[in-house]
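**Q** This is the structure I have questions about; it appears just below.
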Amino acid sequence: MLLVVCPDDATARWCAEPIDTGHPGWVLRPLVVGPGVLPVVTDAEEAARLPELAVLSALAHGESQPRVLDALYAALASAQDTEQAQLYADYVLAALPEAARKHLEELMATGTYEYQSDFARRYVEQGRAEGREEGRAEGEARAVLRVLAARRVEVSEEVRERVLGCTDPEVLDRWLERALTARTAHDLFTD
């Protein structure tokens with residue numbers, strides 16, 4: 001199966017032409033997707049449910065209909081799989097014409113897009129809260145290591161990884177207090 005994604009309808013028509021392979025009875029008929037067959041996805045909830053379709057819609061219609069980019073941004077910002085969302089964003093940003101790319105980049109840079117649906121608002125706020133908690137934990141873990149370093153307490157790679165890998169604020173608070181008087185890095189972990 002050959003799928004061809006085309007940036008415009010003229011190219012899509014050309015790519016849809018059957019290809020005679022030279023093998024008797026075997027003519028390749030590519031599946032072709034172009035702007036003419038792609039829906040205009042402007043609803044953030046639909047974009048979140050079908051992110052691949054939202055990506056294709058953004059590529060096909062993003063230049064003429066900025067609301068498509070708004071919906072895509074909302075879907076990517078609320079995605080559970082952030083790595084996949086980053087890949088989609090990178091792909092779209094690389095392919096969009098300059099004006100549309102700048103619009104999407106501004107949304108992504110400022111993070112000030114006002115979500116229209118409760119669905120997107122809920123997931124974006126949940127992601128922000130989780131990000132704040134992760135940031136606090138990381139900061140506190142680094143503080144534990146800084147205190148030990150300032151006191152010239154030797155820290156093994158194993159201890160460093162354990163401290164940096166901890167996300168429990170109560171445990172990190174306890175370790176930070178212990179770091180003030182610890183003679184060895186392992187004193188952090190003993191009661």
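**Q** Quick check on the range 55-71. Is at least one of its residues among the charged types (D, E, K, R) and more than 14 Å from V40 (Cα to Cα)? Write out each step before concluding.
**A** First, the residues of the range 55-71 that are among the charged types (D, E, K, R): 63, 67, 70.
Still in the running and more than 14 Å from V40 (Cα to Cα): none.
No.
**Q** Suppose we keep only residues that are among the polar types (S, T, N, Q) and modelled with pLDDT under 90 within the range 36-90. Which one would you say is surrounded by the fewest Cβ atoms within 10 Å (Cβ to Cβ)? Steps first, answer last, please.
**A** Initial filter on the range 36-90 (among the polar types (S, T, N, Q)): 42, 57, 64-65, 78, 80, 82, 84, 86.
Retained after the next criterion (residues that are modelled with pLDDT under 90): 64-65, 78, 80, 82, 84, 86.
Working: S64: 11, Q65: 17, S78: 24, Q80: 9, T82: 11, Q84: 13, Q86: 12.
Among those that are among the polar types (S, T, N, Q) and modelled with pLDDT under 90, it is Q80.
**Q** Restricting to the range 138-155, count the residues that are in a helix (DSSP H, G or I), touching a residue at least 12 places away in the same chain (Cβ under 8 Å) and not aliphatic (A, V, I, L, M).
**A** Quick first cut of the range 138-155, residues in a helix (DSSP H, G or I) only: 138-150.
Still in the list and also touching a residue at least 12 places away in the same chain (Cβ under 8 Å): 138, 140-145, 147-148.
If we keep only those that are not aliphatic (A, V, I, L, M) as well, we get 138, 140, 142.
Of the residues in the range 138-155, 3 are in a helix (DSSP H, G or I), touching a residue at least 12 places away in the same chain (Cβ under 8 Å) and not aliphatic (A, V, I, L, M).
For (1) modelled with pLDDT under 80; (2) more than 17 Å from the chain's Cα centre (by Cα); (3) not hydrophobic (A, V, I, L, M, F, W, C), each residue gets a yes or a no:
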{"site": "T112", "(1), (2), (3)": "yes, no, yes"}
{"site": "E125", "(1), (2), (3)": "yes, no, yes"}
{"site": "G131", "(1), (2), (3)": "yes, no, yes"}
{"site": "A137", "(1), (2), (3)": "yes, yes, no"}
{"site": "A141", "(1), (2), (3)": "no, yes, no"}
{"site": "A149", "(1), (2), (3)": "no, yes, no"}
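The values are calculated or read from the model by the stated rules, or taken from the named source; none is laboratory data. Computed from a predicted model, the values in this text were never measured in an experiment. Methodologically, a virtual Cβ is constructed for each residue, glycine included, from the backbone with ideal geometry; neighbour enumeration extends over all protein chains shown.
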